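Note sheet for the following structure.
The values are calculated or read from the model by the stated rules, or taken from the named source; none is laboratory data. Small disclaimer: the values here were computed from a predicted structure and weren't measured. A quick note on method: Cβ atoms are made from the backbone with ideal geometry, for glycine too, and the neighbour counts reach across all protein chains shown. Please note that ligands, DNA and RNA were not included when accessible areas were found on the heavy atoms of the full protein model with its side chains. Shrake-Rupley method; radii C 1.70, N 1.55, O 1.52, S 1.80 Å.
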Amino acid sequence: MPSDISPRAEIDPRAKIGNNCKIFPFVYIEGDVEIGDNCIIFPFTSILNGARVGNNNKIHQGSVIAALPQDFDFVGEKSECVIGDNNIIRENVVINRATHNGGKTVIGNNNFLMEGVHISHDTKVGNDCVFGYGTKIAGDCVIDDFVIFSTSVIENAGTRVGKGAMVQAGTTFSKDVPPYIIAGGSPVKYHGINSTILGMHGVTEKTQKHIANAYRLIFHGQTSVFDAINQVKEQVPDSLEIQNLVNFISETKGGIITKI
């Protein structure tokens, strides 16, 4: 089915637009853009060079996709902003493309970005994440699947958030947030495991207790994080979730959030 494109939208003829899209008046689309099937682009949205948008996405009023990176290292290289399928991008969201030639900012599938969210250059977002009102993600961050950011969260550059973590409203953080936990406060601290998300994804209560025990060793112990990880390996029964948290923390470069 051909797309329904308003004659009052300004679209470069080189842009590639899939089937059954709805593009409202006053949308602006540049030439080096690809948009998949069944997308809805609401008025006053700008989709700029380097945007690669998948299928079944809804992009609401005032959003800017593939905005130039706000990075002093950017000198005009060709890069991309890649958005997967089934994402809801609400009003006034800004997503920057990557800084350097061939780089990519990536948003996966089934994500919900609420009003005023900003995802900066070279950040990688997984699937099924929620970004609350006014949340700001700096450049070069990595956010795994099923992550929830509440309202007005600020994630500083080069940090990571593990699978199934939740960051509470108004939190600013500059260290990695490990998987399956709730983090918040000022300074940001560990506030227990995210049992709601774990339960929704079929993680048994027994395994959840093992995860809580692992984080007790990591956040409540009197040892270094390195020694606590060794204790987890020795004392906590193995599972995919335990492997994920051990690997995540072992791979941290800037450290994890503070102990409680």
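I'd like the residue in the range 228-239 that is touching a helix residue (DSSP H, G or I) at 6+ places or on another chain (Cβ under 9 Å) and part of a helix (DSSP H, G or I) and, out of all such residues, is surrounded by the fewest Cβ atoms within 10 Å (Cβ to Cβ). Looking at residues that are touching a helix residue (DSSP H, G or I) at 6+ places or on another chain (Cβ under 9 Å) and part of a helix (DSSP H, G or I), I get Gln235.
Taking Ile143 as the residue in question, decide whether it is under 20 Å from Ala66 (Cα atoms) and free of Cβ contacts under 8 Å to residues at least 60 places away in the same chain. So Ile143 fits the description; yes. Going residue by residue through the range 82-92, is there one that turns out to be in a strand (DSSP E or B), in contact with a Phe, Trp or Tyr (Cβ under 9 Å, 6 or more places away or on another chain) and farther than 23 Å from Lys163 by Cα? No, the conditions are met nowhere in the range 82-92. Within the range 184-191, does at least one residue satisfy the condition of being modelled with pLDDT under 95, closer than 27 Å to Thr123 by Cα, polar (S, T, N, Q) and open to solvent by 70 Å² or more (accessible area, probe 1.4 Å)? The answer is yes, given that some residue of the range 184-191 is modelled with pLDDT under 95, closer than 27 Å to Thr123 by Cα, polar (S, T, N, Q) and open to solvent by 70 Å² or more (accessible area, probe 1.4 Å).
For (1) closer than 17 Å to Asn86 by Cβ; (2) surrounded by fewer than 17 Cβ atoms within 10 Å (Cβ to Cβ), each residue gets a yes or a no:
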{"residue": "Ala9", "(1), (2)": "no, yes"}
{"residue": "Asp12", "(1), (2)": "no, yes"}
{"residue": "Ile17", "(1), (2)": "no, no"}
{"residue": "Phe26", "(1), (2)": "no, yes"}
{"residue": "Asn38", "(1), (2)": "yes, no"}
{"residue": "Ile41", "(1), (2)": "yes, no"}
{"residue": "Gly54", "(1), (2)": "yes, no"}
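What number of residues in the range 80-123 are among the hydrophobic types (A, V, I, L, M, F, W, C), open to solvent by 10 Å² or more (accessible area, probe 1.4 Å) and more than 20 Å from Asp32 (Cα to Cα)? The qualifying residues number 3.
Among the residues making up the range 150-175, those that are without any contact (Cβ under 8 Å) to a residue 60 or more places away in the chain, assigned to a loop (DSSP other than H, G, I, E, B) and either open to solvent by 50 Å² or more (accessible area, probe 1.4 Å) or in contact with a Phe, Trp or Tyr (Cβ under 6 Å, 6 or more places away or on another chain) (or both) are Thr151, Ser152, Asn156, Ala157, Gly164, Gln168, Ala169, Gly170.
Inside the range 200-223, residues that are open to solvent by 40 Å² or more (accessible area, probe 1.4 Å) and not acidic (Asp, Glu) make up a count of 11. For the range 124-139, the set of residues classified as open to solvent by less than 10 Å² (accessible area, probe 1.4 Å) and in contact with a Phe, Trp or Tyr (Cβ under 6 Å, 6 or more places away or on another chain) consists of Phe131, Gly132, Thr135, listed by residue number. Residues that are in a helix (DSSP H, G or I), in contact (Cβ under 8 Å) with a residue 24 or more places away in the chain and of a type outside the set (Val, Ile, Thr) within the range 240-259 comprise Glu241, Asn244, Leu245, Phe248, listed in sequence order.
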